[in-house]
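Everything on this sheet refers to the single structure shown next.
Coordinate-derived values only; no laboratory data. Just so we're clear, the structure is a prediction, and the values are computed from it rather than from any experiment.
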Amino acid sequence: MASFRLPNVLNSVIQAHGNQLLRAKKPKNGVGAFIFPCRKLVFNYCERSGSSKSMMEYLQKQAIKFAQENPQIEVVVQPRPSKHPVIRAFYTNGHQKTKCVRKCVVDEIPEVVKSLRDHSGHKLRKWNRYVISDTPSVRGIYSPFHVKEIHEISDRKSAKQE
């Protein structure tokens, strides 16, 4: 059985908040239930590196609040010696997205975490069609440039008074 050693940074935080961070709730699927596409966030950092300083400060001050506000997302903190800090998001469709937060300030990391949480997990792609439909229109998409005559919109009351 593998043993897991908690990082030095988080010992006091976990002792203060008990078992709240280690418990993950399973989403309940059913009628009217919404399941987040993001199922797991992994925070990797180095304890000695200067580039991980803002990540460690975020983990000490704001990560617990994020974990409590989002119980449907499993939050994992792992030390990764001699590497830059990275946040990895795993999604329900099997995809994962990785974001390096090496040059981020402490105030920018919550924005990165929020963008990873809100992302659908699908890869970005260019849409060739503007409208996606099962039954495409015979006439096509309306555009005012297709009309030969130019229609002027005027107020009827002002036109009658003159």
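Details
- Violating pairs (Cα-Cα greater than 25 angstrom) within the set LYS65/LYS126; LYS61/LYS123; LYS65/LYS97; LYS65/LYS103; LYS53/LYS97; LYS53/LYS123: LYS65/LYS126; LYS61/LYS123; LYS53/LYS123
- Length released on extending from LYS53 to ASN70, taking residue separation times 0.36 nm less the Cα-Cα span: 3.7 nm
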